[in-house]
Amino acid sequence: MLINGKPATINQDIQSVYNFLTDFNNFQPLMPDQITNWKSDRDSCSFTIQGMADISLIFSEKVPTSLITLVPQGKVPFSFSLILKLTESNNDTVVNVDVDAKLNPMMAMMAKRPLENLVNVMAGNINDAIGR
């Protein structure tokens, strides 16, 4: 199941946005309120989704100034990838946050809304986080 988030337009050059998004230490302010117990270093992070699961993420792919893919490490309730696509538009950077989850139909029904919330909250918070 592929869920496409709303695009975020950031008033920063694409290299700065890419550099920001390739360091997990910058991700905590991007996350929804349901994320607790945040721990991170440059290349990985771990957190708890309240009432659901503990998750660790790592980068699986970094294509300079265009694509960043995050995947879970260790045991997770389902397999997924978080995909950040960067494009230039005038002097701004547009970031699309998508999630590709491998779910059976029953799990897909239950997980769709929380996953949509995740990608849209992340996209909405990117501009504020980079401006700090």
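The values are calculated or read from the model by the stated rules, or taken from the named source; none is laboratory data. None of these values were measured; they are calculated from a predicted model. Backbone-built Cβ (ideal geometry, glycine too); neighbour counts: all protein chains shown.
Of the strands (runs of 3 or more DSSP E) contained entirely in the stretch 1-46, those carrying at least 1 residues that are in contact with a Lys or Arg (Cβ under 8 Å, 6 or more places away or on another chain), β-branched (Val, Ile, Thr) and crowded, with 18+ Cβ neighbours inside 10 Å fall at 2-4.
Within the stretch 41-70, residues that are at pLDDT 95 or above reach partners that are in a loop (DSSP other than H, G, I, E, B) and among the acidic types (Asp, Glu) with beta carbons closer than 6 Å, at six or more positions or on different chains, in the pairs Arg42/Asp23. Once the stretch 103-124 is narrowed to residues that are buried (at least 17 other Cβ atoms within 10 Å of the Cβ) and assigned to a helix (DSSP H, G or I), the residue that is farthest from the chain's Cα centre (by Cα) is Ala111. Of the set (1) closer than 21 Å to Thr9 by Cα; (2) modelled with pLDDT of 90 or more; (3) not hydroxyl-bearing (Ser, Thr, Tyr), all apply to Ile130 but (2).
Among the residues of the stretch 73-88, just one is at pLDDT below 95, surrounded by 14 or more Cβ atoms within 10 Å (Cβ to Cβ) and assigned to a strand (DSSP E or B), namely Phe80.
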